[in-house]
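Every read-out reported here was derived from the displayed coordinates using simple, explicitly stated rules and does not represent laboratory data. Nothing here was measured: the structure is a model prediction, and the numbers come from that model. Positions of Cβ are generated from backbone atoms using ideal geometry, with glycine treated the same way; all protein chains shown enter the neighbour counts.
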Amino acid sequence: MGPGNAPAGRRAPKLPPRPAPDAPVDSEAATLDINQKAAFREELRRQQKAKQRAEKATQQEKETKNEEEAVATVRNDNGRKHRGRRNSTEFIGQPMEPVQQLKLDGAKKAKIPHFLSAWFNAGHDTKATNDTDNSDAESAKTDLTIISVGEKDVKAEPAKQEANAVAKPPPAPVEVAKDKTAMKHRPTSYSQNINFSEITLGRMIGEGAFGKVHEGKWRGKSVAVKLLICQDLRSDILNEFQSEVEIMSVLRHPNICRLLGACMEPPHRALVVELLQRGSLWGVLRMNRKSIDQEMRSRFIYDTAKGMSYLHHFERPILHRDLKSPNLLVDKNFNIKLSDFGLARVKAHVQTMTGNCGTVQWMAPEVLGNQKYTEKADVFSFGIVIWEIVTGECPYDGMSQIQAALGVLNRNLRPNIPRDCPPFFSRLMKACWNRQPELRPSFPHIVNAFRTYQSSISESRATSSAAASAKAAMAASVAAS
């Protein structure tokens, strides 16, 4: 339809007149027009880039603000006081470093501990990114931290933070300083070498650091038989296995799972220990969550601390190295007994042969970073166990092992303490989770703190009961009159 045939009511657009074919072309004007268009396009591109930069800066500012808000939401209970009489064993000190509750988007390969590198490179974490941000640049604190222990204050200087990851196998732990006040125990000669033919194996009831665990019968007694998954041991590891079994066989404590004997001959190398029918604390916390009251949870924690104090202050101190709820067994009276402790080189050999890197959710930062560690690594793991007992949940649930390990190692990640957690447990957890091992309390200090805490609870209950009785008596006398 031409311009002249426009429908009624609409006016046809007026078109510019066409130049005559022979009309001269103004080349200077045409060149100027092209330059103007090019300049306009360049200005438009510049404005678009500036807008993109501004949007990116705004987004980064929002992310930084969100991270700061997440850190700010973490409660600091170090200054909170327990209602009632103040405990002389409160864990007082400088606030912990900000605890960031987050899920890592990826892994920094340069900071993967040596024993986790094979697991990560196998492709278990598909969210790896090229994030090179180093969030572990924590400033060293120069203030002294005081942890009140009974009537004695223990002061410790913060140690300079070491590198997070070292490309070498984990070194041997530093020897634990012996406590002169600790009970003295002298191992006797080991005589309980069990012939495997005397054992009747039953159903499999679990799988631990050494291998599969079966119910069994030995000399008419119900026992648990831990079959060593790697029967072919080097001579040095076998010698250490025999040496540590000798020591473990003489341990006697209400909160230690008793070793009855061991089968030393291949292909049936195994440990024979007492059988506890309720199984592990891991299962008890999940199967009986509603029936476990606060008093029972407190007893679980106290029993664990007493057992660990006994191990650390044996004549030859014993580090657990794998303290977690699956390794805490429960007897018929709901008493806790520690198992799967010691035998570090045998466990390391098993992990090397099977490719299993262990349960990193309970490991201390210095262990994850392949640094030298002491008995204070067990104290860190104990703090995670307290959190398990309080919440009944799995630490870092929803995160892979590599995410949890890198979070603890590089981001100071810790489990989120619930708001209804008793203040004493909250302070104790945070003290155990201190980044600097020397500032964590020892197990004898923890046991003393628990005794004072339980004493204050008992006094509070007695006072409440007396007040209730007096009120009831007064009401009865008023009613009688």
Checklist entry - Between A449, G407, P437, whose Cα lies farthest towards the positive end of the dipole of segment 406-481 when Lys and Arg beta carbons carry +1 and Asp and Glu beta carbons carry -1, centred on the Cα centre? => result G407
Checklist entry - If we sort 44-54, 364-374 on the protection proxy, mean other Cβ atoms within 10 Å, highest first, what's the order? => result 364-374, 44-54
Item to check | Across K62/K324; K226/K376; K212/K332; K226/K306; K290/K324; K337/K471, pairs whose alpha-carbon gap is larger than 32 Å | outcome: K62/K324; K337/K471
Item to check | In order through segment 256-269: 3J(HN,Hα) via Karplus (6.51 cos²θ - 1.76 cosθ + 1.60), integer Hz, x for Gly, Pro | outcome: 10, 5, 7, 8, 8, x, 8, 9, 9, 8, x, x, 10, 5
Next on the checklist: Quick check: residue separation of D331 and V250 times 0.36 nm, minus the Cα distance between them. What number comes out in nm?
Outcome noted: 27.1 nm
Checklist outcome for this item: Under the Karplus relation with 6.51, -1.76 and 1.60 and θ = phi - 60°, whole-Hz ³J(HN,Hα) for segment 270-285, x at Gly and Pro, equal 7, 10, 10, 10, 5, 9, 10, 5, 6, x, 8, 4, 3, x, 4, 5
Next on the checklist: For a Förster distance of 45 Å, can you work out the FRET efficiency between the beta-carbons of E295 and R53, rounded to the nearest 0.05?
Outcome noted: 0.15
Next on the checklist: For Cα pairs less than 8 Å apart in space and 6+ apart in sequence, what is the mean separation divided by the residue count of segment 260-346, i.e. the relative contact order in percent?
Outcome noted: 31 percent
Checklist entry - Does segment 256-296 classify as rounded, prolate or oblate by the C-alpha gyration tensor (a ≥ b ≥ c root eigenvalues; a/c under 1.5 gives rounded; else a/b over b/c gives prolate, otherwise oblate)? => result prolate
Checklist entry - Which peptide among 296-304, 401-409 comes first, and what is the full order, when sorted by highest mean count of other Cβ atoms within 10 Å? => result 401-409, 296-304
Next on the checklist: For G216, what residues show an amide H to amide H distance below 5 Å, using hydrogens built from the backbone and excluding near sequence neighbours?
Outcome noted: G202, V223, V225
Checklist entry - Which cross-chain or sequence-distant (5 or more) residues have an amide H under 5 Å from the amide H of L328, H modelled 1.01 Å from N in plane? => result L281, W282
